[in-house]
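Heads up, the thing below is written out as structure tokens.
The values are calculated or read from the model by the stated rules, or taken from the named source; none is laboratory data. Predicted model, so just to flag it, every value in this text is computed and none were measured. Cβ placement follows ideal geometry from the backbone for every residue including glycine, while neighbour counts extend to all protein chains displayed.
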Amino acid sequence: MKSIIFLSLLYFSCVCVSKKYISFADADGTQTVLRVDSCYYYNTRYYKFGEKDDQVQQFYSTKNDCGNWEETNEFDASVLTIIDKLPDFSAAEYSYSDAYNCELMQDDAKPMERIYPIGCFKYTNDTSMKLEVNEKSITFNEYSKLNCEGDIKKSDVKENKKCLELVKGRFYIYSDGTKSQIIILMAVVMLLFFI
């Protein structure tokens, strides 16, 4: 019986951790990541990205829900790549577009997810950025030079894990880089320890 439970937990943890993603690099050094075959809300529409023959497929919903998919090429396919796992990141930005209070109308829908690298990264041609993350807030420090040298040109603090209306009618949640996969694996290991 214990071996069946162990194999089931091992399979579950592998399935949870091995989900593929569609990724595209943003001009500001961040990266947008989307789970394959998941429904995403973006600018009043629902989208889904898939994989077929190592190529990215793009779909939008014809009925404004997480179904009724029709293939599209709205996003530049040349910048979309398939990745097997998320890179390590310091923080994530979840864009809910116009969904008031970060509440999406479709239960299956997810907000667009943009991740920020760990450490210093190139932000513009002349500036760099480094994040300071704690339980309550995320501070975005933009430096006047590359490699996070020089003066801090701009410092912007966002509350951690709280819905924010940053621009009128546009809602976001910022979260630290705690990965759910690590938490799942730790739970599996702890469960196995007690079996």
Failed item, numbered, when PHE193 is tested on (1) in a loop (DSSP other than H, G, I, E, B); (2) modelled with pLDDT under 95; (3) not aliphatic (A, V, I, L, M):
(1)
Residues that are assigned by TED's automatic domain parsing to the domain that holds TYR47 and crowded, with 18+ Cβ neighbours inside 10 Å: which strands (runs of 3 or more DSSP E) entirely in region 94-144 hold 3 or more of them?
110-116
Could you tell me which residue of region 156-190 is surrounded by the fewest Cβ atoms within 10 Å (Cβ to Cβ), considering only residues that are touching a helix residue (DSSP H, G or I) at 6+ places or on another chain (Cβ under 8 Å) and modelled with pLDDT of 95 or more?
CYS163
How many residues are touching a residue at least 24 places away in the same chain (Cβ under 8 Å) and either touching a His at 6+ places or on another chain (Cβ under 7 Å) or under 23 Å from LYS136 (Cβ atoms) (or both) when one looks only at region 146-160?
2
Filtered residues of region 145-155 (kept if surrounded by fewer than 12 Cβ atoms within 10 Å (Cβ to Cβ) and farther than 14 Å from GLY29 by Cα)
GLU149, ASP151, SER155
